[in-house]
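Scroll down for the structure; my scribbles are underneath it.
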Amino acid sequence: GISGLCIAQALATKHRDVASNVIVTEARDRVGGNITTVERDGYLWEEGPNSFQPSDPILTMAVDSGLKDDLVLGDPNAPRFVLWEGKLRPVPSKPTDLPFFDLMSIAGKLRAGFGAIGIRPPPPGYEESVEEFVRRNLGAEVFERFIEPFCSGVYAGDPSKLSMKAAFGRVWKLEEIGGSIIGGTFKTIQERNKTPKPPRDPRLPKPKGQTVGSFRKGLTMLPEAIANSLGSNVKLSWKLSSITKLGNGGYNLTFETPEGMVSLQSRSVVMTIPSHVASNLLHPLSAAAADALSQFYYPPVASVTVSYPKEAIRKECLIDGELKGFGQLHPRSQGIETLGTIYSSSLFPNRAPSGRVLLLNYIGGATNTGILSKTEVELVEAVDRDLRKMLINPNAKDPLVLGVRVWPKAIPQFLVGHLDLLDTAKMALRDSGFHGMFLGGNYVSGVALGRCVEGAYEVAAEVKEFLSQYAYK
């Protein structure tokens with residue numbers, strides 16, 4: 001997956017002095033994990049993650065992998081929409097939009113403003129869910145019309161169960177350090193101004209505004225470029241079957257490979273497989289770590305990619321005669337089954353033939369696990385039925401169906417107690433003497449693609465520190 005590849009690339013580019021020999025093993029016959037780009041008949045679409053926020057870590061990874069000229073960035077002014085009371089309403093993208101947008105009432109805006117400056121109930125003294133935190137700080141309207149659909153769109157999750165601290169830690173910390181969201185924001189800015197930032201890598205492009213990124217031929221270009229730079233150190237169709245600890249403190253790893261069983265010895269092991277797979281492998285080593293890792297929950301999600309002719313889009317949804325924007329989210333209260341829709345052909349160039357609109361739709365998640373019992377035809381029918389309620393003309397022809405991909409265990413849920421479980425797993429390994437064994441991947445770093453890359457640099461730094469301390473004593 002992308003986390004393992006990025007950790008290896010970070011070790012190769014930043015820590016080669018202590019990690020000169022890194023092997024990446026992948027059980028599938030291709031790299032990239034859930035990143036799945038498909039190109040056919042003039043269309044280019046994603047069936048897993050669809051884009052990333054262009055933070056410096058992911059831009060560094062792209063540049064180091066030779067992809068600087070292949071980066072594509074969306075229009076920073078592209079609107080995002082939320083369906084509310086039958087209408088797609090734009091989300092404010094900058095502070096000057098706040099007085100004028102119609103997604104919230106005046107009373108709701110005032111409640112959010114007072115809450116943000118600290119006029120609201122105090123923290124309860126226990127770990128809050130996303131719903132509890134947002135309702136307490138910003139009010140019901142912000143929760144129901146912004147945060148609930150956002151949780152559905154990003155985590156495919158249930159915000160009454162997601163942990164604010166684990167899922168949205170940066171916002172949670174603002175109240176923690178500043179007494180309120182606004183207070184914490186000011187304090188963060190003050191701290192940042194006190195400690196000058198190191199100079200930015202001059203090789204990195206400078207994205208304008210709040211935007212999202214991809215690559216000319218889709219997200220799959222990143223794992224493929226990393227694998228290409230790592231060369232023969234990437235082993236495909238190698239399935240890890242067991243790990244044992246060696247007397248010298250290292251590890252023996254046994255793999256099922258196309259050439260038969262193969263064993264490797266290593267000073268350090270980073271496991272970036274899903275937590276439930278790691279749990280099975282670690283059970284013989286540490287029952288406590290395995291038990292903690294088995295408790296993370298991954299609900300199913302399906303990506304449904306369809307295309308309509310441009311004239312199928314409702315006229316009221318066009319801006320200057322075009323479908324413009326990032327996409328739309330659908331609160332669970334609005335009677336729509338689809339979680340959200342991304343306007344793929346509006347977001348990045350060359351994603352669909354001229355005159356066609358390409359839409360990537362996500363359906364399922366923690367509040368709709370029943371998608372596993374639906375056929376592909378039923379999933380497409382559900383998405384098409386939803387789209388005709390707000391975006392597509394009801395009398396338009398049936399869509400061209402390009403891809404339906406069901407992920408039975410899609411996105412790890414950062415539920416209340418997530419960070420405690422993760423700490424329990426890490427401490428159990430450490431307390432059992434498994435130094436040099438690290439846990440990585442999206443259930444550790446965060447589910448967004450950019451967070452997986454940031455987390456990869458963090459894990460690579462931990463590996464470097466371990467090898468510096470232990471490997472050459």
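The values are calculated or read from the model by the stated rules, or taken from the named source; none is laboratory data. Predicted model only: the values in this text are computed from it and were never measured. Cβ sites come from the backbone with ideal geometry, for glycine too, and all protein chains shown count toward neighbours. Accessible surface areas use protein heavy atoms only, side chains included; no ligands, DNA or RNA. Shrake-Rupley method; radii C 1.70, N 1.55, O 1.52, S 1.80 Å.
Of all the residues in segment 8-23, those that are outside any loop (DSSP other than H, G, I, E, B) and buried (at least 17 other Cβ atoms within 10 Å of the Cβ) number 5. I'd like to verify a number: residues in segment 179-188 that are part of a helix (DSSP H, G or I) and either touching a Cys at 6+ places or on another chain (Cβ under 6 Å) or open to solvent by 30 Å² or more (accessible area, probe 1.4 Å) (or both), how many? Total satisfying the criteria: 5.
Just one of the numbered conditions (1) in contact with a helix residue (DSSP H, G or I) (Cβ under 6 Å, 6 or more places away or on another chain); (2) farther than 28 Å from Gly364 by Cα is not true of Thr272: (2). Listed by first and then second residue, the pairs linking a residue in segment 207-220 that is part of a loop (DSSP other than H, G, I, E, B) to a residue that is open to solvent by less than 80 Å² (accessible area, probe 1.4 Å) and among the hydroxyl-bearing types (Ser, Thr, Tyr), with Cβ atoms under 8 Å apart and 6 or more places separating them unless they lie on different chains, are Val212/Ser51; Lys217/Thr37; Gly218/Thr37; Leu219/Thr37; Leu219/Ser51; Thr220/Thr36; Thr220/Thr37.
Only a single item in (1) in a helix (DSSP H, G or I); (2) surrounded by fewer than 21 Cβ atoms within 10 Å (Cβ to Cβ) is not met by Ser3, and it is number (2).
Report yes if Ser241 is surrounded by fewer than 22 Cβ atoms within 10 Å (Cβ to Cβ) and over 20 Å from Tyr362 (Cα atoms), otherwise no. It is true that Ser241 is surrounded by fewer than 22 Cβ atoms within 10 Å (Cβ to Cβ) and over 20 Å from Tyr362 (Cα atoms). Sort out which residues of segment 75-103 are open to solvent by less than 50 Å² (accessible area, probe 1.4 Å) and touching a strand residue (DSSP E or B) at 6+ places or on another chain (Cβ under 9 Å), and write them in order of number. Selection gives Ala78, Pro79, Phe81, Val82, Leu83, Leu88, Arg89, Val91, Asp97, Phe101, Leu103. Taken together, the criteria exclude Val72 from residues that are surrounded by fewer than 16 Cβ atoms within 10 Å (Cβ to Cβ) and either over 20 Å from Phe150 (Cα atoms) or in contact (Cβ under 8 Å) with a residue 40 or more places away in the chain (or both).
Taking helices (runs of 4 or more DSSP H) as the structural unit, those lying wholly within segment 252-347 and holding at least 1 residues that are open to solvent by 50 Å² or more (accessible area, probe 1.4 Å) correspond to 275-282, 287-293. If you go through segment 115-127 and keep only what is surrounded by 10 or more Cβ atoms within 10 Å (Cβ to Cβ) and out of contact with any Phe, Trp or Tyr (no Cβ under 8 Å at 6 or more places or on another chain), you end up with Gly115, Ala116, Ile117, Gly118, Ile119, Pro123, Pro124, Glu127. Against the numbered list (1) among the hydroxyl-bearing types (Ser, Thr, Tyr); (2) open to solvent by 40 Å² or more (accessible area, probe 1.4 Å); (3) within 21 Å of Val82 (Cα to Cα); (4) at pLDDT below 95, Ser160 comes up short only at (4). The set of residues in segment 56-69 being in contact with a helix residue (DSSP H, G or I) (Cβ under 8 Å, 6 or more places away or on another chain) and open to solvent by 30 Å² or more (accessible area, probe 1.4 Å) consists of Pro57, Asp64, Gly66, Lys68. Regarding Ala10, is this residue over 25 Å from the mean Cα position of the chain (by Cα) and closer than 26 Å to Ser237 by Cβ? No, not satisfied. Here the strands (runs of 3 or more DSSP E) wholly within segment 45-148 that include at least 1 residues being of a type in the set (Lys, Arg) and over 26 Å from the mean Cα position of the chain (by Cα) are 87-90. Would you confirm whether or not segment 39-55 contains a residue that is open to solvent by 30 Å² or more (accessible area, probe 1.4 Å) and over 24 Å from Arg351 (Cα atoms)? No, there is no match, as no residue in segment 39-55 is open to solvent by 30 Å² or more (accessible area, probe 1.4 Å) and over 24 Å from Arg351 (Cα atoms). Scanning segment 409-438 for residues that are closer than 30 Å to Val82 by Cα and either open to solvent by 80 Å² or more (accessible area, probe 1.4 Å) or in contact with a Cys (Cβ under 9 Å, 6 or more places away or on another chain) (or both) returns a single hit, Lys409. Among the residues making up segment 446-470, those that are among the small types (Gly, Ala, Ser) and open to solvent by less than 20 Å² (accessible area, probe 1.4 Å) are Gly446, Gly450, Gly455, Ala456, Ala460.
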